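For reference, the structure is listed below as structure tokens.
Coordinate-derived values only; no laboratory data. Because the structure is a prediction, the values reported are computed rather than measured. Here the Cβ positions follow ideal geometry from the backbone for every residue, glycine too, while neighbour counts run over all protein chains shown.
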Amino acid sequence: MTAPLLEARGVEVAIGGTPILHGADLTLEPGRLVAVVGPNGAGKSTLVRAVAGLQKLAAGSVRWNGTEVGRLRGRKLARTRAFVPQRARVPAGVTVRQAVGIGRAPHVGALQRPTRKDRDAVQSALERTSVDELAGRQMTTLSGGELQRVQVAVALAQEAPVLIADEPTSHLDLGATADMARLLRRLAGDGLGVVLVVHDLALAAAVADEVVVMAGGRSVATGAADVVLDAERLRDVWKVRAALEHDADGRTALRVDWLGELPSHAPLG
């Protein structure tokens, strides 16, 4: 059997001497979208930064195609996974096409000029994210939704088999969030492995093939959304009475008892 694109087991991370992750697991196969969810401070972003090779591990293992992440550096790592951060820096005086061209850095040598293949990869990334009409615009003139799609385009230009997106919808309105959801689902459908950190549980349930629930620095459940986001786990992890629902048309909703209090005997996670 071939190794998964990504296999992380027992990941532990400490930052500034403070333990953040205490044992987290994550597996990704080609063409699958895995959503990482959990309350604030659960360790979601730390986990994806660790598997992406951006955060040092204190313990555990992260393997990309069977190779330990510590053995992947520089261009080799960039060709393995593309990472879209929560708050990417928006450079002044740079057009959308130029920004997406930066994604070709793993393939273009320091003293080399972009080739036809590089230009084609940039154009393909612009078109796949529906930002080709914005190619001549300055990055600083973009809306939040446009900017996030451009950041995904930068990642796609790397031509890595995995895209990791850390809360790409956190500052977007409803329409832009739906656009991003459709884009990420479409990319997974094209065969890309996608890891999505997201707060919106209804969105996670709608787009993900698998959901990883984080709490207290650990992955406490992994599986289909309907299984791992049941009423008991929503109560234990998020401390609310809530239920995930789907209708016949594919719409997903999270019904929450916003003002109700949990009974005093309810578990605290």
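Only loop residues by DSSP count here, and only those with at most 12 other Cβ atoms within 10 Å; note down the GluC sites (Glu not before Pro) in segment 162-269 that meet that.
Sites meeting the loop and neighbour criteria: Glu261.
Check cross-link reach from Lys44 to the aspartates and glutamates: straight Cα distance under 18 Å, and skip same-chain residues fewer than eight apart.
Of all the aspartates and glutamates, those that pass the test against Lys44 - Cα under 18 Å, at least 8 places apart if same chain - are Glu7, Glu12, Asp25, Asp166, Glu167, Asp200, Asp209, Glu210, Asp236.
Provide, for q = 0.15, 0.16, 0.20, 0.21 Å⁻¹, the log10 of I(q)/I(0) from a solvent-free Debye sum over equal Cα point scatterers in segment 1-123.
-0.84, -0.92, -1.19, -1.24
Separation between the Ala14 and Ala105 pseudo-spin-labels, each 7 Å from Cα along Cα→Cβ, expressed in nm?
3.1 nm
With a 10 Å Cβ neighbour count serving as the proxy for reagent exposure, in which order, fewest first, do Met214, Met139 appear?
In order of increasing Cβ crowding within 10 Å: Met139, Met214.
Please compute the contact order of segment 14-170 in relative form: average sequence separation of alpha-carbon pairs under 8 Å and at least six residues apart, divided by the residue count, as a percent.
29 percent.
Assuming R0 = 30 Å, can you tell me the calculated FRET efficiency for the pair Arg87 and Val256, based on Cβ-Cβ distance, to the nearest 0.05?
Given R0 = 30 Å and the Cβ-Cβ separation, E is 0.65.
Points 7 angstrom from Cα along the Cβ direction at Asn65 and Gln98: gap in nanometres?
For Asn65 paired with Gln98, the spin-label model returns 3.3 nm.
Tell me, what is the FRET efficiency for Ala178 and Arg119 to the nearest 0.05, using R0 = 35 angstrom and their Cβ-Cβ distance as r?
0.70
What lysines could a cross-link reach from Lys76, if we take a straight Cα to Cα line under 21 Å and drop same-chain neighbours fewer than 8 places away?
Candidates past the 8-residue exclusion: Lys56, Lys117.
Once phi is turned into ³J(HN,Hα) by the Karplus curve 6.51 cos²θ - 1.76 cosθ + 1.60 with θ = phi - 60°, what whole-Hz value does each residue of segment 231-242 show in order, with x for glycine and proline?
Using θ = phi - 60°, the values come out as 4, 5, 6, 4, 5, 6, 8, 9, 6, 9, 7, 7 Hz.
What percent do you get for the relative contact order of the chain when only Cα pairs under 8 Å and 6+ apart count?
With pairs under 8 Å counted, the relative contact order is 24 percent.
At 7 Å along the Cα-to-beta-carbon direction for both Asp190 and Arg79, put a label point, then send me their distance in nm to one decimal.
Taking the simple label geometry, Asp190 and Arg79 are separated by 2.0 nm.
For the ranges 246-256, 171-181, what's the packing order if you count other beta-carbon atoms within 10 Å of each residue, average per peptide, and put the highest first?
Packing order, densest peptide first, comes out as 171-181, 246-256.
Which order results if Val240, Val100 are arranged by neighbouring Cβ count within 10 Å, fewest first?
Starting with the residue having the fewest Cβ neighbours, the order is Val240, Val100.
Would you tally the net charge around His22, using a Cβ to Cβ cut-off of less than 15 Å, leaving His22 out, and scoring K and R as +1, D and E as -1?
Cβ neighbours under 15 Å give a net charge of +1.
Kindly state, as a whole number, the per residue volume in cubic angstrom of the convex hull around the alpha carbon atoms of segment 89-159.
It is 85 Å³ per residue.
Sort Trp258, Trp64, Trp238 by Cβ crowding within 10 Å, fewest neighbours at the top.
By the 10 Å Cβ count, ascending, the order reads Trp258, Trp238, Trp64.
When the Kirkwood hydrodynamic radius is evaluated over all pairs of different C-alpha atoms of segment 129-269, what value in angstrom, to one decimal, is obtained?
16.9 Å
Compute for the chain: radius of gyration divided by Kirkwood radius, i.e. Rg/Rh, restricted to C-alpha atoms, rounded to two decimals.
Dividing the radius of gyration by the Kirkwood radius yields 0.99.
Per residue of the chain, what 222 nm ellipticity follows from adding -39500 (n - 2.57) for every DSSP H run with n ≥ 4, rounded to the nearest 500?
Taking each H run of at least 4 residues, the total per residue is -8500 deg cm²/dmol.
Could you point to the residue in Val34, Gln112, Trp64 farthest towards the positive end of segment 29-177's charge dipole, with +1 and -1 charges on the Cβ of Lys/Arg and Asp/Glu respectively?
It is Gln112.
Tell me the net charge near Ala202. Cut-off is 13 Å between Cβ atoms, Ala202 excluded, with +1 for each Lys or Arg and -1 for each Asp or Glu.
Once all neighbours under 13 Å are counted, the net charge is -2.
Any chance you could check the Cα centroid distance between segment 47-116 and segment 14-28 for me, in angstrom?
First find each Cα centre; the distance between them is then 21 Å.
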